[in-house]
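Trainee: Structure incoming, see below.
The values are calculated or read from the model by the stated rules, or taken from the named source; none is laboratory data. Nothing here was measured: the structure is a model prediction, and the numbers come from that model. Neighbour counts are summed over all protein chains in view; Cβ atoms, including those assigned to glycine, are modelled from backbone coordinates with ideal geometry.
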Amino acid sequence: MGVYNDRVLPRILNHSGDSKRLDTLRRRVCEGLAGDIIEIGFGAGLNVPFYPAAVASVAAVEPSDVSWQLADLRLRGTNVAIQRSGLDGQVLPFADDSFDAALSTWTLCTIPDDAAALRELRRVLKSGGTLHFLEHGLAPDERVRRWQRRLDPVQTRIAGGCHFTRPIVDLLRAAGFTLKELDVFYEEGISKIAGADSLGRAVSP
Ligand SMILES: C[S@@+](CC[C@H](N)C(=O)[O-])C[C@H]1O[C@@H](n2cnc3c(N)ncnc32)[C@H](O)[C@@H]1O
């Protein structure tokens, strides 16, 4: 699994995530970002073209070297100052109250300790700072949830630790965030099992 996870999967994610189908969602989640931003699970930088002009800097947190290399073209195509500044969303190398906003897209499904990552985001966000999130997770419907639970062990093996079953909104609330905007929906073009999305903004107190 080492070569697959390290070298193949980042290319699959770069390819599947770089779809016109997702542009509207990426644009929506990035809307309103401003100032100094942290993005966890930066991947190959697929959100970069959607950063608003008001974004001053981005601290990119991404463990995969291959994904960071794949981001190169997008990094060269933007005026935003983007630095790879961390490798693990569970332990962020930043002082408290460092960022105006945070961004996470399709990443909380994969970070092993999701609660630790959210705790860290709250710590490094300024008071009143906003987490912009777009995540897939546990579906609203029990029939879909049953399939998600059945397939989760396979999914985690083939998709680098990604889970279908994370209850995103509950996790955000448990971490102390206040939901400011929330849209829960099934993504078009993929199965409900993988495409039960939550998109919104959560405020750090
Ligand atoms: C499904 S990809 C999403 C990438 C990107 N956010 C996007 O929207 O295309 C999940 C990303 O989370 C990253 N990741 C995995 N474990 C992580 C961790 N502990 N901390 C931060 N990012 C992590 C993976 O390397 C991968 O780039």
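Trainee: In the stretch 187-199, how many residues are out of contact with any strand residue (DSSP E or B) (no Cβ under 6 Å at 6 or more places or on another chain) and not aliphatic (A, V, I, L, M)?
Mentor: Residues meeting the conditions: 3.
Trainee: Just one of (1) over 19 Å from PHE99 (Cα atoms); (2) out of contact with any strand residue (DSSP E or B) (no Cβ under 9 Å at 6 or more places or on another chain) trips up PRO52, so point out which.
Mentor: Here PRO52 clears every test but (1).
Trainee: Among the numbered conditions (1) within 22 Å of HIS163 (Cβ to Cβ); (2) of a type in the set (A, V, I, L, M, F, W, C); (3) near the ligand (Cβ under 10 Å from one of its atoms), tell me where TRP68 comes up short.
Mentor: For TRP68, the failing item is (1).
Trainee: In the stretch 1-36, what residues are within 13 Å of the ligand (Cβ to nearest atom), more than 27 Å from ALA202 (Cβ to Cβ) and aliphatic (A, V, I, L, M)?
Mentor: VAL8, LEU9, ILE12
Trainee: How many residues are crowded, with 16+ Cβ neighbours inside 10 Å and either among the aliphatic types (A, V, I, L, M) or in contact with a Cys (Cβ under 6 Å, 6 or more places away or on another chain) (or both) if we restrict to the stretch 12-30?
Mentor: Residues in the stretch 12-30 being crowded, with 16+ Cβ neighbours inside 10 Å and either among the aliphatic types (A, V, I, L, M) or in contact with a Cys (Cβ under 6 Å, 6 or more places away or on another chain) (or both): 4 in total.
Trainee: Of the residues in the stretch 66-93, how many are of a type outside the set (D, E, K, R) and assigned to a loop (DSSP other than H, G, I, E, B)? Show your work before the answer.
Mentor: Let us first name the residues in the stretch 66-93 that are of a type outside the set (D, E, K, R), namely 66-71, 73, 75, 77-83, 85-87, 89-93.
Then drop every residue that is not assigned to a loop (DSSP other than H, G, I, E, B), which leaves 71, 77-80, 87, 89-93.
Final tally of qualifying residues: 11.
Trainee: When you look at PRO63, is it outside any helix (DSSP H, G or I), within 13 Å of the ligand (Cβ to nearest atom) and of a type outside the set (Lys, Arg), yes or no? So that I can check it myself, show each step before the final result.
Mentor: Working: outside any helix (DSSP H, G or I): yes; within 13 Å of the ligand (Cβ to nearest atom): yes; of a type outside the set (Lys, Arg): yes.
Yes; evaluated as a whole, the condition is true for this residue.
Trainee: Here is a further query. Among the residues in the stretch 129-138, are any more than 16 Å from the ligand (Cβ to nearest atom) and within 28 Å of VAL8 (Cα to Cα)?
Mentor: So far as the stretch 129-138 goes, yes, one or more of its residues are more than 16 Å from the ligand (Cβ to nearest atom) and within 28 Å of VAL8 (Cα to Cα).
Trainee: List, please: which pairs have Cβ atoms under 6 Å, are six or more places apart or on different chains, and start with a residue in the stretch 156-182 that is over 16 Å from ARG123 (Cα atoms) and away from the ligand (no atom under 16 Å from the Cβ) and end with one that is of a type in the set (Val, Ile, Thr) and modelled with pLDDT of 95 or more?
Mentor: Matching pairs, first to second residue: LYS180/VAL203.
Trainee: Is one or more of the residues making up the stretch 112-123 assigned to a strand (DSSP E or B) and modelled with pLDDT of 95 or more? So that I can check it myself, show each step before the final result.
Mentor: Step one: filter the stretch 112-123 for residues assigned to a strand (DSSP E or B), giving none.
For the stretch 112-123, residues assigned to a strand (DSSP E or B) and modelled with pLDDT of 95 or more: absent.
Trainee: Could I ask something else about it? State which residue is farthest from the ligand (Cβ to nearest atom) when the search covers only the stretch 78-111 and only residues that are closer than 20 Å to GLY160 by Cβ and among the polar types (S, T, N, Q).
Mentor: SER104
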